[in-house]
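Right, one structure below, let's go through it.
The values are calculated or read from the model by the stated rules, or taken from the named source; none is laboratory data. Everything quoted here is computed from the prediction, not taken from an experiment. Here the Cβ positions follow ideal geometry from the backbone for every residue, glycine too, while neighbour counts run over all protein chains shown.
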Amino acid sequence: MPTNYISFKETGYFSNLICDYLSEKDALKPFYNRFPKLENFKAQIEEKKASFPKKHREILVSVLQAQYQNVETSEATQTHISALSAENTFTIVTGHQLNLFTGPLYFLYKIISTINLAKQLQETYPDSHFVPVYWMATEDHDFEEINYFNFHGKKFQWKGPETKEVGGAVGELPTKGLEQVFELFSQELGIGANAETLKQWFKEAYLQHDNLTDATRFLANKLFGQRGLVIIDGADKSLKQLFIPFMENELFEQTSQTAVSKTIEKLNEVDTLYKIQVNPRAINLFYLDEGLRERIVEIDGKFQVNETTISWTKDELKAHLQTHPERFSPNVMTRPLYQEVILPNLCYIGGGGELAYWLELKSFFESVSVPFPMLLLRNSALIVTEKQAQKLDKLNITFEQLFLKRHSFINRKVREISNIDINFDAQKEHLVAQFQEMYRLAELTDKSFFGAVKAQEVKQLKGLEHLEKRLLKAQKKKLSEHVSRITEIQNELFPNESLQERTENFANVFDAYGTTFIDTLFESLDPLRQDFVIVTL
């Protein structure tokens, strides 16, 4: 299958911060540990090996075995889970929300990047063992972000279980109400072997499992279990017990706010245009209960769960944390630390937004003596069918042009195919040269004439720009049929003028190509090649 590449910066869809990180800008080096290159993993392995306790490995393996007890587990995944007990085994991790039927396409890209990197590391460092891990965000509570997926241009949305308030950890949500989504999705799929596979996966995942955590684990395991993916649910009492000292520190010392706030100031000094992804709170932990996930706040020396009557003194809270650590949930600031405490992890793979907030955290990790992982931008891809590729070729559209915003894309193509020149740059240059002579005359005669000359120059330049725009508009109208065709193909590949991977669901492609599609992604996505990938099927 043909594969093309375009740099992340050229796409225009990635922030200055991420583009500067990818180019290894010197000023950003204090904000990360090691840049993700194969040769840099040697030192990362040594650092993590020296700091990760054997006790954590034993508990981790025990928890994973329990979580997989009722899951059809591949030999590759079983081997990976068992290997985690050895001190020379390390993880490569990606995390994602429990989106309905995987949500957007990039869910697949994240996990494939993770599996492929683990494989590359295994080949490079054969004395160690590398395990790809998908961290399920079971304790998240943003139901509105995960309760739908897009297929064939339609939105399939789950209203949620009627018998339970949607407000607690989403992983606990019962899968009631998904029968209706299944019926609508089945009708849209139609017939064919691939369609039947998708129906079966949806049915088994969401109609034969009681909650969203189990449903998501089943589906991710169905897609990637044979390739050795290990899926972990951090909402576990035994794992949370390992994190108690760090949660105590967060509750009573508020280390993260102090460290991260200073880092944010330093990032702003590097570039004021960097968008700060997350600002820390005084306490970056939630309290979990049935139907509840709310912030813990300190008011006048007393600790309470925001917008509830639940409260403790300092001593009461310490005791409650020791007894029920599973009721305390890290937020976006502290979840990365939790991950690194319970996993022998080397590298986190995430999207641009995720890496942006990870880059705020290194000093926080240093303050609590936990090694900071390497940060790798996940693979991004545009899936193009052979028919679409032929259409692009016929319309003489390059992939670089496709990534332009709609207005710029149309204007550039109209200028390119027009039989008249719609670029007045030469006329503008000629006009500016003429006015230079007027300025010279003003200098020799009356300097007060300068203002009038300048005003006339600006007026005439604006006039030329206005004529250029009118001519372009007229040509668009004249070439409306061609404009319609190029707009149509860009709409197909960039739905709603957004990246395909952020809106489309994997079922759109799987329905047509089946497992060949996933096999092609594994062949095409090189996690350490930091370019946007265009895959032609």
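Brief remarks follow.
- Failed item, numbered, when HIS320 is tested on (1) in a helix (DSSP H, G or I); (2) crowded, with 19+ Cβ neighbours inside 10 Å; (3) in contact with a Lys or Arg (Cβ under 8 Å, 6 or more places away or on another chain): (2)
- LEU251 being under 23 Å from GLN322 (Cβ atoms), over 24 Å from the mean Cα position of the chain (by Cα) and buried (at least 20 other Cβ atoms within 10 Å of the Cβ): yes
- Members of segment 18-43 found to be part of a loop (DSSP other than H, G, I, E, B) and of a type in the set (Asp, Glu), listed by number: GLU24
- Boolean, PRO2 is modelled with pLDDT under 95, exposed (fewer than 14 other Cβ atoms within 10 Å of the Cβ) and not small (Gly, Ala, Ser): yes
- Qualifying residues in segment 194-223 (those that are closer than 23 Å to GLY291 by Cβ and of a type in the set (D, E, K, R)) - the one surrounded by the most Cβ atoms within 10 Å (Cβ to Cβ): ARG217
- Failed item, numbered, when PHE286 is tested on (1) outside any helix (DSSP H, G or I); (2) under 30 Å from ASP26 (Cβ atoms); (3) not aliphatic (A, V, I, L, M): (2)
- Residue within segment 42-55 that is in contact with a Ser or Thr (Cβ under 9 Å, 6 or more places away or on another chain) and among the acidic types (Asp, Glu) present: no
- So ALA259, is it touching a residue at least 40 places away in the same chain (Cβ under 8 Å), among the aliphatic types (A, V, I, L, M) and not in a loop (DSSP other than H, G, I, E, B): yes
- Subset of segment 99-132 [part of a strand (DSSP E or B) and surrounded by fewer than 24 Cβ atoms within 10 Å (Cβ to Cβ)]: HIS129
- Here segment 139-160 is the region considered, the condition is being in a loop (DSSP other than H, G, I, E, B) and either of a type in the set (Val, Ile, Thr) or farther than 24 Å from SER329 by Cβ (or both), and the residue that is modelled with the lowest pLDDT is LYS159.
- Being within 22 Å of PRO245 (Cα to Cα) and of a type in the set (Asp, Glu) holds for only one residue in GLU75, GLU47, and it is GLU47.
- Candidates in segment 494-537 are the residues that are of a type in the set (A, V, I, L, M), assigned to a helix (DSSP H, G or I) and surrounded by fewer than 20 Cβ atoms within 10 Å (Cβ to Cβ); of these, the one that is farthest from the chain's Cα centre (by Cα) is ALA512.
- Hits in segment 180-230 (condition: more than 20 Å from TYR134 (Cα to Cα) and not in a helix (DSSP H, G or I)): GLY190, ILE191, GLY192, GLN208, ASP210
- Restricting attention to segment 69-98, the residues that are assigned to a loop (DSSP other than H, G, I, E, B), among the hydroxyl-bearing types (Ser, Thr, Tyr) and either within 22 Å of LYS49 (Cα to Cα) or touching a strand residue (DSSP E or B) at 6+ places or on another chain (Cβ under 8 Å) (or both) total 1.
- Filtered residues of segment 356-415 (kept if within 18 Å of GLU488 (Cα to Cα) and outside any helix (DSSP H, G or I)): LEU382, ILE383, VAL384, THR385, LEU395, ASN396, ILE397, THR398, PHE403, LEU404, LYS405
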